[in-house]
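Working notes for the structure below.
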Amino acid sequence: MTGARTTGPHRVTSGTKGTGSPAATAVTSLPPAAGTTTASRVAGAGGKAAGADDAAGPTAAGAAAAARPAAATGPAGAAGADQAWASDPRTPILDRPMASYYLLLSSAGLLLLLGLVMVLSASSVRSFQDFGSSYTLFLRQATWAAIGIPLLMIASRLPVRVFRAAAYPLLGITLVLLLAVLVPGIGHVENGARQWIPIGPYTLQPSEFAKISLLLWCSDVLVRKRRLLVDWKHLVVPVVPGFLFVDLLLMLEPDLGGAICVTVVPLAVLWVIGTPLRIYASLLGGMVLCATILAVSAPYRLERLMSFRDPFADPDKSGYQAVQGIYALSSGGWWGEGLGASKEKWPDLLPAVHTDFILAIIGEELGLLGSLVTVGLFGVMGYAGLRIAHRTDDLFIRLAAAGVTAWLIAQAVVNMGAVVGLLPITGVTLPLVSFGGSALLPTMGALGMLLAFARCEPDAASYLAARAEARRAGRTGRWLRRRRAEPAARGATAAPGEGAAATGAGGVALDAN
């Protein structure tokens, strides 16, 4: 996934320095990022300054030292130089230590904002028809977003060990929910699929939580077994049986789209860890064969696949949704009909306008430009995720970052491909944009985890440590200045005639008489 894959796990390292143990030859290690580190740049700048002082002679060097502010020496001085380099406008944006963090945060924030706007526009008519208010579905989505934003910010500040510790409990809870949704009376059936658990006015879809739980579990298992990965059997067991069991539970619902997105996660992790090509190809071929058998075994799946080839052959039945989606995209033109002016969002036209086919409404109301902006934001998110996986020295971060990126981008590609007619319709939503709290909360949690990984990049960690040191030094300096100013304030307010007892901060007598 990251462009630095080898042909086997025995060709790679774990990022552990100087251990000489088998762990150092068990897992993939991507090449370090191009360019020097923040610390080396700061050291180079300091070396040049020292050389200039020496060349100018003792007198000039002493004058230069006297002219430097007190904060320029010691750790605070190094922190200031570090921040000066990072905030220098001449530094290329992508070379700055927090570039990955802000690329990911900005793209995710814009997609979330776009999703809220488009959910309001796409669902307003049908929300009024079903609930008597045009804002009911929008307010539900806004509520989930209001819960997800603090979740994202909290996750972005958590250490890596917390995510590893949460892997097994989260997977256990997810398996219990996946089994519970199959029980009659607990799982809610809609359109022939038992995928939801009703909780008051809301519904919970366990398959959405399976993605992040399986991601954390697979990454943690492979990191724990890194000394044994020279044997391909340890690459396959227990990761492959684990996600195949999850896929089986999803197919019993049935949820083919969810199974596809869940399967992408372990496949991405196995690719990054360095699974031999023959093993990977055999695994992938077996899964494609099983998916084909499942697709042709159910009449409705076979009908959907056949209509995908030419939806206009049966535009009133099997190809109805695909045809209406194409109509929506084509009517938008270059600039769109205008926000809120969609015709396909009205009842009895395009189904699932605020969930699976929200991209069609984006194309109709915002035109080709709006669609390309949406695609571009997902491209930026994918680039940021792969950049984080590439620049880290921690194996767990590398695997988890690559898995999250593969999950979100693959789900976006499957959704967009179905809307434009390049892929069969599988009922997959567009991450961060489509309506649904069960999909939004795990996605924002995963993005928060990815932001935490971005803060662990070597340059980013050095920069954040230097910034924290500079802030502590600044607070200490302000406290000292206030302490020195207190005697001066007391001396200035002293009564005349007290003589030398009333003195200023510099020890100068304030008795003017």
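Here the helices (runs of 4 or more DSSP H) wholly within the stretch 215-320 that include at least 1 residues being touching a residue at least 60 places away in the same chain (Cβ under 8 Å) and farther than 26 Å from HIS390 by Cβ are 239-251, 256-273, 299-309. Here ALA295 clears all of (1) within 28 Å of the chain's Cα centre (by Cα); (2) open to solvent by less than 80 Å² (accessible area, probe 1.4 Å) except the condition numbered (1). For the stretch 295-316, a tally of residues being in contact with a Ser or Thr (Cβ under 8 Å, 6 or more places away or on another chain), at pLDDT 80 or above and not small (Gly, Ala, Ser) returns 2. Looking at LEU399, LEU349, LEU408, can you tell me which residue is open to solvent by 10 Å² or more (accessible area, probe 1.4 Å) and touching a residue at least 12 places away in the same chain (Cβ under 8 Å)? Checking each option against the conditions leaves just LEU349. Filtering the stretch 321-346 to residues that are touching a residue at least 40 places away in the same chain (Cβ under 8 Å), surrounded by fewer than 20 Cβ atoms within 10 Å (Cβ to Cβ) and hydroxyl-bearing (Ser, Thr, Tyr) leaves nothing. For the stretch 199-224, a residue qualifies if it is of a type outside the set (Val, Ile, Thr), at negative phi and open to solvent by 40 Å² or more (accessible area, probe 1.4 Å), and the qualifying residues are PRO201, TYR202, PHE209, ARG224.
For the structure I just gave you, tell me whether VAL264 is more than 22 Å from the chain's Cα centre (by Cα), surrounded by fewer than 24 Cβ atoms within 10 Å (Cβ to Cβ) and at pLDDT 90 or above. Explain how you work it out, then say what you get.
On the way: more than 22 Å from the chain's Cα centre (by Cα): no; surrounded by fewer than 24 Cβ atoms within 10 Å (Cβ to Cβ): yes; at pLDDT 90 or above: yes.
No.
Please work out if ARG157 is of a type in the set (D, E, K, R), over 24 Å from PRO266 (Cβ atoms), assigned to a helix (DSSP H, G or I) and in contact (Cβ under 8 Å) with a residue 40 or more places away in the chain. In short, no.
Please indicate, with yes or no, whether at least one residue in the stretch 491-510 is modelled with pLDDT of 75 or more, open to solvent by less than 80 Å² (accessible area, probe 1.4 Å) and small (Gly, Ala, Ser).
Looking for residues that are modelled with pLDDT of 75 or more, open to solvent by less than 80 Å² (accessible area, probe 1.4 Å) and small (Gly, Ala, Ser), one finds none in the stretch 491-510, hence no.
Close Cβ contacts (under 6 Å, 6 or more residues apart or on different chains) running from residues in the stretch 198-209 that are more than 13 Å from ALA180 (Cα to Cα) and basic (Lys, Arg) to residues that are open to solvent by 70 Å² or more (accessible area, probe 1.4 Å) and at pLDDT 90 or above are absent.
Do we find a residue being in contact with a strand residue (DSSP E or B) (Cβ under 9 Å, 6 or more places away or on another chain), at pLDDT 90 or above and under 25 Å from MET416 (Cβ atoms) anywhere in the stretch 240-253? Yes, the stretch 240-253 contains a residue that is in contact with a strand residue (DSSP E or B) (Cβ under 9 Å, 6 or more places away or on another chain), at pLDDT 90 or above and under 25 Å from MET416 (Cβ atoms).
Would you mention how many residues in the stretch 186-198 are part of a strand (DSSP E or B) and either open to solvent by less than 30 Å² (accessible area, probe 1.4 Å) or among the aliphatic types (A, V, I, L, M) (or both)?
Applying the first criterion (part of a strand (DSSP E or B)) to the stretch 186-198 yields 187-190, 193-198.
Those left that are additionally either open to solvent by less than 30 Å² (accessible area, probe 1.4 Å) or among the aliphatic types (A, V, I, L, M) (or both): 187, 189, 193, 195, 197.
The total comes to 5.
Of the residues in the stretch 148-167, not one is closer than 19 Å to ARG391 by Cβ, among the β-branched types (Val, Ile, Thr) and open to solvent by 70 Å² or more (accessible area, probe 1.4 Å).
Can you confirm whether ARG194 is basic (Lys, Arg) and modelled with pLDDT of 95 or more? Reasoning before the result, please.
Working: basic (Lys, Arg): yes; modelled with pLDDT of 95 or more: no.
Against the criterion (basic (Lys, Arg) and modelled with pLDDT of 95 or more), ARG194 does not qualify.
Looking at the stretch 373-396, which of its residues are of a type in the set (Val, Ile, Thr) and either surrounded by 17 or more Cβ atoms within 10 Å (Cβ to Cβ) or within 15 Å of LEU105 (Cβ to Cβ) (or both)? Steps first, please.
First pass over the stretch 373-396, keeping only residues of a type in the set (Val, Ile, Thr): 373-375, 380, 388, 392.
Listed by number, the residues that qualify are THR374, VAL380, ILE388, THR392.
The values are calculated or read from the model by the stated rules, or taken from the named source; none is laboratory data. Small disclaimer: the values here were computed from a predicted structure and weren't measured. Backbone-built Cβ (ideal geometry, glycine too); neighbour counts: all protein chains shown. For accessibility, only protein heavy atoms count, side chains too; no ligands or nucleic acids. Shrake-Rupley method; radii C 1.70, N 1.55, O 1.52, S 1.80 Å.
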